[in-house]
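This report concerns only the one structure given below.
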Amino acid sequence: MNRVAESLAHAGFALPDAPSAVGMYAPAVRAGSLVFTSGQLPFADGVLISVGKVGATVSEEDARACARQAALNALAAASLVCDLDDVCSVARLAGYVSSERGFIRQPSVVDGASEVLHAAFGEAGVHAREAVGVVALPLDAPVEVSLTLVLHEAHDEKSTPDV
Amino acid sequence: MNRVAESLAHAGFALPDAPSAVGMYAPAVRAGSLVFTSGQLPFADGVLISVGKVGATVSEEDARACARQAALNALAAASLVCDLDDVCSVARLAGYVSSERGFIRQPSVVDGASEVLHAAFGEAGVHAREAVGVVALPLDAPVEVSLTLVLHEAHDEKSTPDV
Amino acid sequence: MNRVAESLAHAGFALPDAPSAVGMYAPAVRAGSLVFTSGQLPFADGVLISVGKVGATVSEEDARACARQAALNALAAASLVCDLDDVCSVARLAGYVSSERGFIRQPSVVDGASEVLHAAFGEAGVHAREAVGVVALPLDAPVEVSLTLVLHEAHDEKSTPDV
């Protein structure tokens with residue numbers, strides 16, 4: 001078991017199986033030392049763990065659990081194109097919360113995703129984040145999370161060969 | 001005609017004229033090997049091809065056509081700062097869908113943009129994407145699309161000069 | 001006083017104190033030559049300068065002032081991880097506008113943030129941007145702004161050492 005999976009397990013989180021590619025887009029794409037994931041929904045074992053709008057049929061606590069699950073799925077997606085043990089920081093966490101008019105506690109919901117990054121990477125999991133309330137998400141999911149991860153650059157890409 | 005324009009034409013798509021700069025922001029910005037476009041609306045010949053909310057006055061099929069057009073405009077925007085033939089992958093496609101409460105088929109709409117990337121770049125057009133439902137978009141557009149493209153790095157930036 | 005702070009002051013803008021870190025996420029993260037800020041709200045002296053939805057209780061002009069303040073806060077956030085005088089361009093400005101159904105002048109609102117970038121960086125402040133209308137933002141803020149800045153790469157990272 002690699003280091004990140006072990007840290008997650010220690011915090012009580014299980015890294016899901018990596019999602020399979022979905023036609024014209026991919027769960028994650030690597031560009032040099034950056035990894036961009038697609039927006040991930042709170043699927044567990046193929047089923048959304050909640051559906052509906054936060055502040056209406058979905059409670060803040062259930063939504064936070066959705067953010068946790070979506071973040072775990074985002075890490076699983078990233079693991080398709082990089083070794084998670086090579087992550088040195090997280091450039092961006094975007095948390096979209098399907099919000100009932102009047103629900104303004106998006107940060108409390110997206111904290112669920114931040115917790116997962118902290119559990120996975122410790123200090124390296126500190127990240128910039130955007131938390132916004134949207135009117136609807138795919139499949140009526142309460143939360144969608146995407147990540148931009150930063151990898152340690154391979155040393156041989158930086159060094160100048162002996163001549 | 002360059003390779004990407006040819007591939008698009010082969011799939012029945014025409015690369016629009018590049019948009020002109022718009023005051024304080026630009027259609028696209030290049031940062032090293034990444035190109036970030038501004039959010040693009042479904043303009044064709046200076047007019048939005050649809051207006052309104054998807055799931056209300058705009059059908060899913062019309063919205064998909066909007067996503068196609070916005071993606072073409074995003075490629076045209078990118079072409080102002082790079083040669084599209086140098087694109088090696090697409091890091092991020094953000095698809096914002098102006099959604100009536102209850103409309104949850106954003107992925108089907110954003111597929112229109114994904115189709116354009118596939119037509120333009122083939123395998124290199126596989127991308128990470130975010131599809132979200134927003135309450136309103138500029139000028140009442142049904143869809144807004146932005147892209148982050150990845151370019152082949154110039155070989156002379158990587159090679160070590162002979163000494 | 002550094003060059004950017006001086007340019008802002010010349011345009012009548014004051015760079016706020018940098019925000020303090022907020023637990024599991026950071027005001028900004030640097031990844032090589034890119035700086036990603038968290039989404040910033042229009043706080044001034046610890047208080048949101050407006051709350052509510054644009055097009056309902058918040059006027060377009062007040063919302064534009066919010067976008068200016070949020071952009072200033074984003075620059076202050078970025079200054080925690082880089083010297084703003086090293087910024088050579090702005091890859092992405094995301095402007096989320098908490099919008100009443102029917103409000104479609106998000107670009108006019110986000111222009112407030114673009115003005116700040118122009119004042120701070122002049123030509124180097126030209127940026128790609130996304131302006132979208134969302135249903136709700138944290139703490140009922142009318143506007144949230146995040147930035148991705150591009151830094152001049154340090155010369156010693158590029159040069160090949162003498163051998």
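Every number in this text was worked out from the coordinates using simple rules, so none of it is lab data. This one's a predicted model, so the numbers in the text were calculated from it and none came from an experiment. Every residue, glycine among them, receives a Cβ derived from its backbone with ideal geometry; neighbour counts consider all protein chains shown.
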Among residues of chain A, the one whose beta-carbon sits nearest the axis that rotates A onto B, given with its distance in integer Å, is A:VAL135, 3
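Neighbour counts of other C-beta atoms within 10 Å: give me B:ASP62, C:ASP45 arranged from fewest to most. Don't skip to the answer; put the middle values down first.
Values: B:ASP62 18, C:ASP45 7.
With the sparsest Cβ surroundings first, the list reads C:ASP45, B:ASP62.
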Which log10 I(q)/I(0) values does segment C:29-153 give at q = 0.12, 0.17, 0.21 Å⁻¹ under the Debye formula, counting every alpha carbon as one identical point scatterer?
-0.39, -0.75, -1.08
Using Cα springs under 10 Å in a Gaussian network model of chain A, which residue among A:LEU149, A:LEU75, A:LEU34 shows the largest mean-square fluctuation?
A:LEU34
Among beta bridges assigned by DSSP with both residues in the protein assembly as shown, the antiparallel ones amount in percent, to the nearest 5, to 70 percent
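Considering only the other residues whose Cβ falls under 14 Å of the Cβ of C:PRO27, what net charge follows from Lys and Arg at +1 and Asp and Glu at -1? Mind dumping the intermediate values first?
Values: positive: A:ARG92, A:ARG129, C:ARG30; negative: A:GLU130, C:ASP17, C:GLU144.
Net of charged neighbours comes to 0.
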Per-copy distances of the B:GLU60 label point, shortest first, in nm (7 angstrom along Cα→Cβ)
3.5, 3.5
At 0.36 nm per residue, and after removing the present C-alpha to C-alpha distance, how many nm does the segment from A:THR57 to A:HIS152 gain when stretched out fully?
30.0 nm
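Shape of segment C:1-88 from its Cα gyration tensor (a ≥ b ≥ c, root eigenvalues): rounded if a/c is under 1.5, otherwise prolate when a/b > b/c, or oblate? Numbers along the way, then the final one.
Numbers: a/c = 2.16, a/b = 1.42, b/c = 1.53.
It is oblate, given that a/c is not under 1.5 and a/b is not larger than b/c.
So what's the back-of-envelope 222 nm ellipticity for chain A, counting only DSSP H runs of four-plus at -39500 (n - 2.57) apiece and dividing by all residues, rounded to 500? Can you show the working numbers first?
Working: 4 runs with 47 residues, N = 163.
Per the formula, -9000 deg cm²/dmol.
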Exposure proxy ranking, count of Cβ atoms within 10 Å, fewest first, for A:TYR25, C:TYR96
A:TYR25, C:TYR96
Note the distances from B:ASN2 to each other copy's matching label point, with points 7 Å along the Cα-to-beta-carbon direction, in nm, sorted shortest first.
3.5, 3.5
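Viscosity 0.890 mPa s, temperature 25 °C: what is the translational diffusion coefficient of the protein assembly as shown from Stokes-Einstein with a Kirkwood Rh over Cα pairs, rounded to a whole number of µm²/s? Write down the numbers at each step before the final one.
Details: Rh = 22.4 Å.
In µm²/s, the coefficient rounds to 110.
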Please give, to one decimal in nm, the separation of the simple spin-label points placed at B:ALA18 and A:ASP85, each 7 Å out from Cα toward the Cβ.
4.5 nm
